[in-house]
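Taken together, the values in this text are just the output of simple stated rules run on the coordinates, not laboratory data. Please read all numbers here as calculations on a predicted model, not as lab measurements. Virtual Cβ from ideal backbone geometry, glycine too; neighbours counted across all protein chains shown.
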Amino acid sequence: MCTKFIVIGYLSGFATRCAKRYVSTMPRPVVISGPSGSGKSTFLKRIMKEYPGAFGFSVSHTTRQPRPGEQDAVDYHFVSRPDMEKAIANNEFIETAEYSKNLYGTSEGVKSIKKTTLNPLYIFIEPPSLAALEARLKGRGTETEESLQRRLEIAKREMEYSRLDGAYDYKIVNDDVDIAYDQFRAILKDDAETVSSLQNGS
């Protein structure tokens, strides 16, 4: 499960891709899940650009090597496996996952997060079909045939889980990125504008 969070308000020090939105004075996480290639990062970058200062984006840790164009502490915190295993032993992550022999310390896994007391809002970003997702992943040019098939199998399970009653509060099918983003924005708009107003002193 590939999950990301955004943070609405003044938060720092998160070790995971994690987000919180402020409802009154209590922060509530917003869990944004979906298969790799569904558009999560695109939506997060757009809403953070639209509401500068209202959102923070905490960054995952991983033991894999950076891909071309990825920056340390921006896309991921790239760390050694011994350092990552030590952090896991110290319970420094909400959840960890291992994919293709690489460890990820993120807030991945809605099932795991539901066992905590965070009480987040759950949003699932879904591709229009597995065929469309396969085309997107191939377009990245970063997957071997083996890793592509593995991602598609994981995506199939994630999409099946998303159909269970109560799994998510919102589901967005990303067939048209602009329409899907408008739906995503509408969910977070009120809280983002409230935080922006507070920051501007209005």
Check your understanding: So what are the ³J(HN,Hα) numbers for segment 35-47, from phi and the Karplus equation (6.51, -1.76, 1.60; θ = phi - 60°), rounded to whole Hz, Gly and Pro as x?
Key -> x, 4, x, 7, x, 4, 5, 4, 5, 5, 5, 5, 6
Exercise for review: Subtract the Cα-Cα distance of Asp178 and Glu85 from 0.36 nm times their separation in residues, and report this length gain in nm to one decimal.
Suggested key: 29.5 nm
Check your understanding: Is there a pair in Lys49/Lys86; Lys86/Lys138; Lys138/Lys171; Lys114/Lys138 whose C-alpha atoms are over 27 Å apart, and which pairs would that be?
Key -> Lys49/Lys86; Lys86/Lys138; Lys114/Lys138
Practice item. Can you check what the net charge comes to around His61, using other residues whose Cβ is under 9 Å from the Cβ of His61 (Lys, Arg +1; Asp, Glu -1)? Key: -2
